[in-house]
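Novice: Could you have a look at this structure, given as structure tokens, before my questions?
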Amino acid sequence: MALIIDGKKISSEIKDEVRDRVSVLKEKGISVTLAVILVGDDPASAVYVRNKKKACEYCGIESLSYELPSDTSEEKLLGLVDELNEREDVDGILVQLPLPGHLDERKVTDRISPEKDVDGFHPVNVGRLSMGEPGFVSCTPQGIMELIKRSGITVEGKECVVIGRSNIVGKPLSMLLLRENGTVTVCHSRTADLKAVAKRADILCAAIGKPCFVTSEYVKEGACVIDVGINRGEDGKLRGDVDYEDVLPHVSAITPVPGGVGPMTIACLMKNCLESAEKKADR
């Protein structure tokens with residue numbers, strides 16, 4: 001019987017741990033504050049921001065919300081980021097993506113101080129990750145590693161295959177798996193014989209944004225399968241990148257969609273924000 005990895009349960013455990021540590025800081029007179037910037041009225045982004053506010057409230061983290069119109073100039077947005085960088089009472093800064101087309105996402109995320117970059121997107125933090133140094137790691141890959149570890153799955157010595165090479169998930173996840181002494185292969189649209197490569201994996205992570213792409217033909221018997229995809233079908237139902245029903249009989253562990261990787265992203269955002277405040281308190 002396969003282990004169904006419960007992301008809701010594990011994310012709740014992490015948020016409870018964060019809440020306890022936030023309480024310890026509050027007893028010392030130290031508050032934890034996350035600033036979230038939302039530009040425009042993208043409905044999905046608005047939902048994400050709402051969920052982040054709820055998580056902050058649960059964990060005892062103060063949340064500052066900046067909701068800007070879609071025609072906000074790049075100069076004004078960068079000025080707000082500069083202001084938040086300077087504020088001593090702000091521990092983390094998050095600019096909700098995607099941004100309206102006239103704004104340069106790279107320029108905006110690069111403007112956030114690496115010490116407040118709780119999304120882990122700044123080149124300094126990406127460089128720290130690649131060198132194995134401490135720094136903020138983007139929240140989805142970090143959440144995946146928490147799911148794996150807290151489910152008792154060992155990475156060391158395992159063949160790990162990541163399908164997808166995005167800067168947000170695929171690349172950082174591959175480096176985190178390497179850090180845990182996994183043997184890592186990163187696949188993408190140009191990979192020859194993708195099925196054969198994927199079938200070698202003891203731990204298979206799918207992050208390509210194609211619903212039900214990974215079938216049992218891609219999966220080694222007894223593998224652990226992590227499904228990062230969230231795709232909404234024409235029927236309105238959420239589906240992952242993995243054909244769950246087809247793959248389930250062949251695996252030792254698997255994340256469902258929804259309820260697997262998804263809840264972990266916000267939990268790890270809370271953790272990063274807390275750690276930013278703890279580092280500042282130690283300085």
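We did not get these values from a lab; they are worked out from the coordinates using the rules stated. Everything numeric in this text was worked out from a predicted model, so none of it was measured. Cβ: placed from backbone, ideal geometry, glycine included. Neighbour counts: every protein chain shown.
Novice: Let me know the charge dipole size of the stretch 29-114 about its Cα centre in debye, to the nearest 20, where only the beta-carbon of Lys, Arg (+1) and Asp, Glu (-1) is charged. List each step's numbers first, then the result.
Specialist: On the way: 9 positive and 17 negative charges, 71 e Å.
Its charge dipole is roughly 340 debye.
Novice: Within straight cross-link reach of K237, meaning Cα distance under 26 Å, which lysines are found once same-chain residues fewer than 8 apart are removed?
Specialist: Partners within reach: K8, K9, K52, K53, K54, K210.
Novice: Okay, next question. If each DSSP helix of 4+ residues adds -39,500 (n - 2.57) and the sum is divided by the residues in the chain, what number results at 222 nm, nearest 500 deg cm²/dmol?
Specialist: Rounded to the nearest 500, it is -13000 deg cm²/dmol.
Novice: Additional query: What Rg and what Dmax come out for the stretch 139-261 when only alpha-carbon atoms are used, in angstroms?
Specialist: Computed over the Cα atoms of the stretch 139-261, radius of gyration and Dmax are 13.0, 41 Å.
Novice: Taking the convex hull of the Cα atoms, report for the stretch 215-281 its projected area averaged over all directions, in nm². Don't jump to the answer; show the numbers that get you there.
Specialist: Working: hull surface 23.9 nm².
Taking the Cα atoms of the stretch 215-281, their convex hull projects to 6.0 nm² on average.
Novice: List every residue whose amide H lies under 5 Å from the amide H of K199, counting only residues 5 or more places away in sequence or on a different chain, with H placed 1.01 Å from N in the peptide plane.
Specialist: Counting only residues 5 or more places away or on other chains, the set is empty.
Novice: Related question: Report the Stokes-Einstein translational diffusion coefficient (µm² s⁻¹, integer) for the chain, Rh taken as the Kirkwood radius over Cα pairs, at 25 °C with viscosity 0.890 mPa s.
Specialist: My calculation gives 125 µm²/s for D.
Novice: State the cysteines of the chain left without a partner when partners are defined as other cysteines whose beta carbon lies under 4.7 Å away.
Specialist: Lone cysteines by the Cβ rule: C56, C59, C160, C187, C205, C212, C224, C273.
Novice: Same structure, new question: Which three numbers, in whole Å and largest first, are the semi-axes of the equivalent ellipsoid of the stretch 109-193 derived from its Cα gyration tensor as √(5λ)?
Specialist: 23, 16, 11
Novice: Per residue of the stretch 268-280, what does 6.51 cos²θ - 1.76 cosθ + 1.60 with θ = phi - 60° give for ³J(HN,Hα)? Whole Hz please, x for Gly and Pro, Karplus curve as stated.
Specialist: 6, 4, 4, 5, 5, 5, 4, 5, 4, 5, 5, 5, 5
Novice: Sticking with this one: Run the Debye formula on the Cα coordinates of the stretch 164-227, all scatterers equal and no solvent, and tell me log10 I(q)/I(0) at q = 0.18, 0.22, 0.29 1/Å.
Specialist: Here log10 of I(q) over I(0) equals -0.63, -0.97, -1.56.
Novice: Between the stretch 215-238 and the stretch 244-268, what is the C-alpha centre distance in whole Å?
Specialist: 8 Å
Novice: Restricting to the stretch 191-283, what percent of DSSP beta bridges are antiparallel, rounded to 5?
Specialist: Of the beta bridges lying entirely in the stretch 191-283, close to 20 percent run antiparallel.
Novice: To check my understanding: the extent here is largest minus smallest coordinate of the Cα atoms along each principal axis. What are those three numbers for the stretch 29-114, in Å, largest first?
Specialist: 41, 28, 18
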